[in-house]
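**Q** Here you go, one structure.
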Amino acid sequence: MNKFLLIAIALFSTSTFAAPVYKCKNASGQVIYQNQQCPEQAQMQEVEILTVNPSVIENAQKKLQEDLKAQAEIDAEQSAQSFKQRQLNAVEKNNTVGDTIAERTQNQTNYLQNKFNRNTDIKYKPVDY
């Protein structure tokens, strides 16, 4: 936590004068950031601290907000297109089901008409009592 706090303070410092920061790694492998040189038994690396111009941060934040807004618009458009496609698929499925029902109804009608026509073609002989 202290490491991140030190780095954050160093990065966002607007001062033109900055003390050097050293990254020290001790024998157990623990990394420590400090403003003094490391002990001789530790590995040392000097960390370059960049000063940040506040206008650069402000411009980056504006750009980020614009990009987020544009992405939200793209996501909304894709969502609307997806919804329209699901509606079209549902209508198509409904039409297919309707066609199947109409086809079955027509087949039943044809069957019944054929059955009726066969029955009416039979000539009955009158029965004498």
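**Q** Loop-only GluC sites (Glu not before Pro) in region 18-112, please: DSSP not H, G, I, E or B, and at most 13 other Cβ atoms within 10 Å.
**A** Details: sites: Glu40, Glu46, Glu48, Glu58, Glu66, Glu73, Glu77, Glu92, Glu103; in loops: Glu40, Glu48.
Listed in order of number, the matching sites are Glu40, Glu48.
**Q** While we're on this one: I want to check the label-to-label distance for Gln41 and Val91. Put each point 7 Å from Cα in the C-beta direction and report it in nm to one decimal.
**A** 7.9
**Q** When a footprinting reagent is the concern and you count Cβ atoms within 10 Å, what order do Thr51, Thr109 take, fewest first?
**A** Details: Thr51 13, Thr109 10.
Starting with the residue having the fewest Cβ neighbours, the order is Thr109, Thr51.
**Q** Next question. Between Glu48 and Thr109, what is the label-to-label distance in nm when each label sits 7 Å out along the Cα-to-Cβ direction?
**A** 8.5
**Q** I'd like the Karplus ³J(HN,Hα) series for region 84-94: coefficients 6.51, -1.76, 1.60, θ = phi - 60°, whole numbers in Hz, and an x wherever there's a Gly or Pro.
**A** Values per residue, Gly and Pro as x: 4, 5, 5, 5, 4, 4, 5, 5, 4, 5, 4 Hz.
**Q** Can you give me the C-alpha center-to-center distance between region 42-85 and region 94-115, rounded to a whole angstrom?
**A** 60
No lab work stands behind these numbers, since they all come straight from the coordinates. Computed from a predicted model, the values in this text were never measured in an experiment. So basically every Cβ, Gly included, is an ideal-geometry build from the backbone, and we count neighbours across all protein chains shown.
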